[in-house]
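Some notes on the structure that comes next.
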Amino acid sequence: MEGVCVLPVKVLSREEKERILSTLEVDREFRYALMGLLGFKELLERFSRLEERQSKLEERQQKLEERFALVVERQQRLEERQLGLEERMAKVEERLARVEEELRDTRRLMFAISHRFGMISEAGFREAMKYVVQEVLRVAKVEKWVYRDEEGVVYGYPSVIEVDVAVHDKTHILVEVKSRVSRGDIAELARIRDLYEKVKGVKAKAVVIGGFIDPKAYESASKLNVEVKPMVEEKQL
């Protein structure tokens with residue numbers, strides 16, 4: 001090309017190549033100078049920077065792992081604490097339920113004692129015990145059945161019969177609430193049940209709820225298929 005000077009390329013001999021290689025092995029400055037000419041120094045610096053960045057990233061990762069471990073540990077403590085609180089709440093609710101049940105039993109027993117010693121009338125006692133029927137039988141509504149027994153099925157002569165009736169799962173339940181239950185009360189309710197079944201044309205269940213129950217009443221109830229339910233547990237009387 002016009003105006004361009006092309007320098008001839010000298011081909012090194014074998015001896016010159018060996019001398020250069022030997023010099024590279026023993027002369028550090030010469031070696032570094034040659035590496036700089038060839039761009040190795042820049043590569044080494046880039047490698048050094050990359051290693052430094054990698055070291056910082058590894059350090060940061062280690063710190064993040066430590067923070068994550070602390071978060072996990074804190075979460076575990078919170079879960080354990082929550083579990084402990086739930087267990088305590090369950091125990092408190094259980095104790096509260098027992099207290100409420102004991103209060104209900106105590107109130108029932110007080111009404112029964114008051115009626116037994118003439119402090120309240122039978123009508124007053126029955127009115128106070130309406131909630132007992134609902135709790136014991138687990139029904140929401142109890143109605144009064146009134147019927148004129150012309151044939152004297154219950155008492156042997158014509159009379160007006162009154163009894164509480166609850167219907168639960170299509171089962172008719174005749175209920176009597178007494179402060180004290182005797183054998184006569186059992187037999188009376190059994191006859192009322194028989195009359196009810198005859199008039200209504202359905203099978204009925206008879207239940208007596210009492211505060212104080214004569215031991216002999218249980219025997220009669222078993223023979224006449226009448227269920228006896230105490231207002232409170234026997235162990236609490």
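Listed values, structure above:
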quantity: Residue 89 accessible area, assembled protein chains, probe 1.4 Å, Å²; calculated: 110
quantity: Exceeding the 20 Å Cα-Cα cut-off - candidates 178/198; 170/198; 141/216; 144/200; 141/205; 178/216; calculated: 178/198; 141/216
quantity: Sequence of 56, 170 from largest to smallest accessible area, 1.4 Å probe; calculated: 170, 56
quantity: Label point distance in nm, residue 14-residue 71, each placed 7 Å from Cα along Cα→Cβ; calculated: 6.8
quantity: Shape category assigned to the stretch 47-86 from the gyration tensor of Cα positions, a/c cut at 1.5; calculated: prolate
quantity: At R0 = 22 Å, FRET efficiency that the Cβ-Cβ distance of residue 199 and residue 222 yields, to 0.05; calculated: 0.30
quantity: Net +/- balance of residues flanking residue 194 in space, Cβ distance below 12 Å, scoring K and R +1, D and E -1; calculated: +1
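The values are calculated or read from the model by the stated rules, or taken from the named source; none is laboratory data. Bear in mind that the values here come from a model prediction, so they are computed numbers and not experimental data. Glycine also receives a Cβ, built like all others from the backbone with ideal geometry; neighbour counts cover every protein chain displayed. Ligands, DNA and RNA are stripped out before the accessible areas are found, and what is left, the full protein with its side chains, is counted by its heavy atoms. Shrake-Rupley method; radii C 1.70, N 1.55, O 1.52, S 1.80 Å.
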